[in-house]
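The values are calculated or read from the model by the stated rules, or taken from the named source; none is laboratory data. No experiment lies behind these values; they were computed from the predicted model shown. Here the Cβ positions follow ideal geometry from the backbone for every residue, glycine too, while neighbour counts run over all protein chains shown. Surface accessibility is based on the protein's heavy atoms, side chains included, excluding ligands, DNA and RNA. Shrake-Rupley method; radii C 1.70, N 1.55, O 1.52, S 1.80 Å.
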Amino acid sequence: MAEIVYLNGRFVPYEEARVPVEDRGNLFADGVYEVIRFYGGHPFAMQAHMERLARSAREIRLPEIDVAALAEAGLETVRKNGIGDGSLYVQVTRGPAPRSHAFPREPKPTVFMIARELARPSRSLVEQGVACITVPDIRWARCDIKSIGLLPNVLAKQQAVEAGAFEALFVRDGILTEGTSSNVFAVKGGKLVTHPEDGHVLPGITRRLILAIAREEGIGVEEEPLAAALDAVDELFISSTNVEVMAVVSVDGRPVGDGRPGPVTRRIQAQYDRLVERVRAGESIDGLIAPRAS
Ligand code: PDD
């Protein structure tokens, strides 16, 4: 349970953490966020997440964030709550101001962090793989920003849950872009195919780690749009901080490949597990992640 949360430079009991009702996060979803994984109390690729947070903040013209100080406070939030395997949620909004669309003259961002226990996905789920559905991608053209405006994602995920599926995959102009909170990879003829880093997807940290793993393993990668028809797709998987690497064995009720997690997916999962164990032992894996081009 989260007992102590971080709010605007202070550690406070959960029940005492208060944000003004006119916070722009509340009124306009005017803010950005990150989710950072912890294993055995150690952060997983935290630097990459903090850099992405700083970029998201810049892109929506929030005042500059002191990333190093925030990272330190994030670690402290995890420690104070005695979190072993868990995740840290970090949110920065443009802060409270009387409701008006334009920015307040002197914004005072609200910075909030909460840490919660979160177990790794169960062995049985990983071995079985998951079902997904497809939904129209009705989101905006800046999905590269990790905005807290997630209504299309929320609606799509709920649709998946109601269909008995694990995740909904967005389709834009016949292209499978990403999941509601995950990136998507296909395996075609032994090569990985994943959507390029553009405005239609979040540049996932897990995605970048998978690309690094693929390079090490000698698996070819094509950062190209993936046709939603899934022609000639042998395997499919999703990736995210929370779900890690998860095989997708059916889409809209149709099996992918032979309907079981495939060999390339399992190879990447095995290497990802090794990264998790390295982090659990106190090692940093940030050096593996290539910085983004822009
Ligand atoms: N979501 N795409 C979207 C739309 C996401 O929201 C996420 C992560 C990802 C995967 O990114 P990463 O590998 O950096 O976690 C892709 C987080 C976990 C969330 O919203 O809870």
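Check off (1) over 16 Å from Asp144 (Cβ atoms); (2) part of a loop (DSSP other than H, G, I, E, B); (3) open to solvent by less than 20 Å² (accessible area, probe 1.4 Å) for Pro203 and give me the number that stays unchecked.
(1)
Please verify whether Glu244 is over 30 Å from Gly95 (Cα atoms), touching a helix residue (DSSP H, G or I) at 6+ places or on another chain (Cβ under 9 Å), more than 15 Å from the ligand (Cβ to nearest atom) and modelled with pLDDT of 95 or more, treating the condition exactly as stated. Let's see the steps before the verdict.
Working: over 30 Å from Gly95 (Cα atoms): yes; touching a helix residue (DSSP H, G or I) at 6+ places or on another chain (Cβ under 9 Å): yes; more than 15 Å from the ligand (Cβ to nearest atom): no; modelled with pLDDT of 95 or more: yes.
No: the conditions fail for Glu244.
Matching residues to (1) surrounded by fewer than 21 Cβ atoms within 10 Å (Cβ to Cβ); (2) among the charged types (D, E, K, R); (3) outside the structural domain of Ser181 (by TED's automatic domain parsing):
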| position | (1), (2), (3) |
| --- | --- |
| Gly9 | yes, no, yes |
| Glu15 | yes, yes, yes |
| Tyr33 | yes, no, yes |
| Met46 | no, no, yes |
| Ala57 | no, no, yes |
| Glu64 | yes, yes, yes |
| Tyr89 | yes, no, yes |
| Val92 | no, no, yes |
| Ser100 | yes, no, yes |
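For Gln128, are the conditions met, namely being more than 11 Å from the ligand (Cβ to nearest atom) and either under 24 Å from Arg37 (Cα atoms) or open to solvent by less than 20 Å² (accessible area, probe 1.4 Å) (or both)?
Values: more than 11 Å from the ligand (Cβ to nearest atom): yes; either under 24 Å from Arg37 (Cα atoms) or open to solvent by less than 20 Å² (accessible area, probe 1.4 Å) (or both): yes.
It is true that Gln128 is more than 11 Å from the ligand (Cβ to nearest atom) and either under 24 Å from Arg37 (Cα atoms) or open to solvent by less than 20 Å² (accessible area, probe 1.4 Å) (or both).
All but one of (1) in a strand (DSSP E or B); (2) of a type outside the set (Gly, Ala, Ser); (3) under 16 Å from Phe44 (Cα atoms) hold for Cys132; state the number of the condition that does not hold.
(3)
Looking at Arg58, Arg52, can you tell me which residue is within 21 Å of the chain's Cα centre (by Cα), closer than 20 Å to Leu118 by Cβ and modelled with pLDDT of 95 or more? Talk me through it step by step, then tell me what you get.
Details: Arg58 fails: closer than 20 Å to Leu118 by Cβ.
Going through Arg58, Arg52 in turn, just one is within 21 Å of the chain's Cα centre (by Cα), closer than 20 Å to Leu118 by Cβ and modelled with pLDDT of 95 or more: Arg52.
Which residue, of Thr134, Thr180, Thr194, is over 16 Å from the mean Cα position of the chain (by Cα), modelled with pLDDT of 95 or more and of a type outside the set (Asp, Glu)? Lay out the reasoning, then the answer.
Values: Thr180 fails: over 16 Å from the mean Cα position of the chain (by Cα); Thr194 fails: over 16 Å from the mean Cα position of the chain (by Cα).
Answer to the selection: Thr134.
With respect to Ala186, determine if the residue is open to solvent by less than 20 Å² (accessible area, probe 1.4 Å), in contact with a Lys or Arg (Cβ under 9 Å, 6 or more places away or on another chain), among the small types (Gly, Ala, Ser) and not in a loop (DSSP other than H, G, I, E, B). Please lay out each step first, then the result.
Details: open to solvent by less than 20 Å² (accessible area, probe 1.4 Å): yes; in contact with a Lys or Arg (Cβ under 9 Å, 6 or more places away or on another chain): no; among the small types (Gly, Ala, Ser): yes; not in a loop (DSSP other than H, G, I, E, B): yes.
For Ala186, the condition - open to solvent by less than 20 Å² (accessible area, probe 1.4 Å), in contact with a Lys or Arg (Cβ under 9 Å, 6 or more places away or on another chain), among the small types (Gly, Ala, Ser) and not in a loop (DSSP other than H, G, I, E, B) - is not met.
For segment 239-265, give me the residue count where each residue is crowded, with 22+ Cβ neighbours inside 10 Å and among the hydroxyl-bearing types (Ser, Thr, Tyr).
Number of matching residues: 3.
Could you list, ordered by first residue, the pairs with Cβ atoms under 6 Å in which the first is in segment 180-208 and among the charged types (D, E, K, R) and the second is within 11 Å of the ligand (Cβ to nearest atom) and not in a loop (DSSP other than H, G, I, E, B), at least 6 apart or interchain?
Arg207/Asn183; Arg207/Ser239
Hey, among the residues in segment 158-185 that are in contact with a Phe, Trp or Tyr (Cβ under 8 Å, 6 or more places away or on another chain) and not β-branched (Val, Ile, Thr), which one's nearest to the ligand (Cβ to nearest atom)? Reasoning before the result, please.
The first filter runs over segment 158-185 and keeps only residues in contact with a Phe, Trp or Tyr (Cβ under 8 Å, 6 or more places away or on another chain), leaving 160, 176-180, 184-185.
After this cut, where a residue has to be not β-branched (Val, Ile, Thr) as well, the list is 160, 176, 178-179, 185.
Working: Ala160: 13, Leu176: 12, Glu178: 5, Gly179: 6, Phe185: 11 Å.
By that ranking, first place goes to Glu178.
Scan segment 204-220 residue by residue and report those that are closer than 21 Å to Phe170 by Cα and away from the ligand (no atom under 14 Å from the Cβ).
Correct list: empty.
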